[in-house]
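The values are calculated or read from the model by the stated rules, or taken from the named source; none is laboratory data. All values derive from a computational prediction rather than experimental measurement. Here the Cβ is made from the backbone with ideal geometry for all residues, glycine too, and neighbour counts use every protein chain on show.
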Amino acid sequence: MRTTAKERTKSIAYIALMTAVIAVCAWITVPFTVPFTMQTFGVVFALKTLGGKRGTASVLLYITLGGIGVPVFSGFAGGAGVLFGPTGGYILGFLIGALAYWALERYTERLWANIAVTALFLLICYALGTAWFVILMDMRDKAVGISGALSLCVLPYIVPDMIKLFLADRIGKKLRKHVAF
């Protein structure tokens, strides 16, 4: 089926809007024992609202804008230094996780499969981010090891991330019914 110019324009507008939502979510810091941002919420919200293809495009645009220096990352940061810094692996994890979501999206109609695919997204983010962090710290002669990285970068965020993903799923799926392409 061939898409019309109007449909392509709507898709581009939705992708740009979700890219902005991800950026705003990255700027929101929730004070807690270990403060966290709403960035993960924004990414999953984009995927659940726009679907895998357009949601992934939003994530890619977000990372591209941040990579060229637009301050869309957490703390109003931008540039290659962020992508190659300690949190760069988590940002890359958003893209790889979004691609995995897109590949498996057709299975998310059933509740258990939806939970599994969303959990896989988070697992990919954690795995890439933690591996990147360990390698980077080792290169800087500040070795932390896997267990140290997990206790710093993953364990404090599991419960907040589960809550964010649940909310993004519920809100995104409700909103998706009203998004017309």
(message) Any residue that is surrounded by 13 or more Cβ atoms within 10 Å (Cβ to Cβ) and at pLDDT 95 or above - is there at least one of those in the range 31-39?
(response) yes
(request) Would you check if Thr118 is in contact (Cβ under 8 Å) with a residue 60 or more places away in the chain, of a type in the set (Val, Ile, Thr), under 29 Å from Leu175 (Cα atoms) and crowded, with 20+ Cβ neighbours inside 10 Å? (result) yes
(message) Tally up the residues in the range 82-108 that are hydroxyl-bearing (Ser, Thr, Tyr) and either closer than 19 Å to Pro71 by Cα or surrounded by fewer than 17 Cβ atoms within 10 Å (Cβ to Cβ) (or both), please.
(response) 3
(message) If Trp112 satisfies all but one of (1) of a type in the set (Phe, Trp, Tyr); (2) within 24 Å of Gly66 (Cβ to Cβ); (3) free of Cβ contacts under 8 Å to residues at least 60 places away in the same chain, what's the number of the condition it fails?
(response) (2)
(message) Just to be sure I understand the filter: pairs with C-beta atoms under 8 Å, separated by 6 or more residues or on different chains, first member in the range 3-18 and more than 9 Å from Ser58 (Cα to Cα), second member in a helix (DSSP H, G or I). Which pairs pass?
(response) Thr3/Ser11; Ser11/Arg54
(request) Please state which one of Gly67, Gly97 is of a type in the set (Gly, Ala, Ser) and in contact (Cβ under 8 Å) with a residue 40 or more places away in the chain. (result) Gly97
(message) Of everything in the range 36-51, what is within 12 Å of the chain's Cα centre (by Cα) and assigned to a helix (DSSP H, G or I)? Give them in sequence order.
(response) Gln39, Thr40, Phe41, Gly42, Val43, Val44, Phe45, Ala46, Leu47, Lys48
(request) Could you look through the range 79-130, keep only residues that are in a helix (DSSP H, G or I) and among the hydroxyl-bearing types (Ser, Thr, Tyr), and pick out the one that is farthest from Ile158 (Cα to Cα)? (result) Tyr107
(request) Quickly run through the range 93-115 and pick out the residues that are within 16 Å of the chain's Cα centre (by Cα), of a type outside the set (A, V, I, L, M) and farther than 14 Å from Asp169 by Cα. (result) Gly93, Phe94, Gly97, Trp102
(message) I'd like to verify a number: residues in the range 65-78 that are at positive phi and part of a helix (DSSP H, G or I), how many?
(response) 2
(request) With respect to Ala5, determine if the residue is within 29 Å of Lys177 (Cα to Cα), modelled with pLDDT under 95 and among the small types (Gly, Ala, Ser). (result) yes
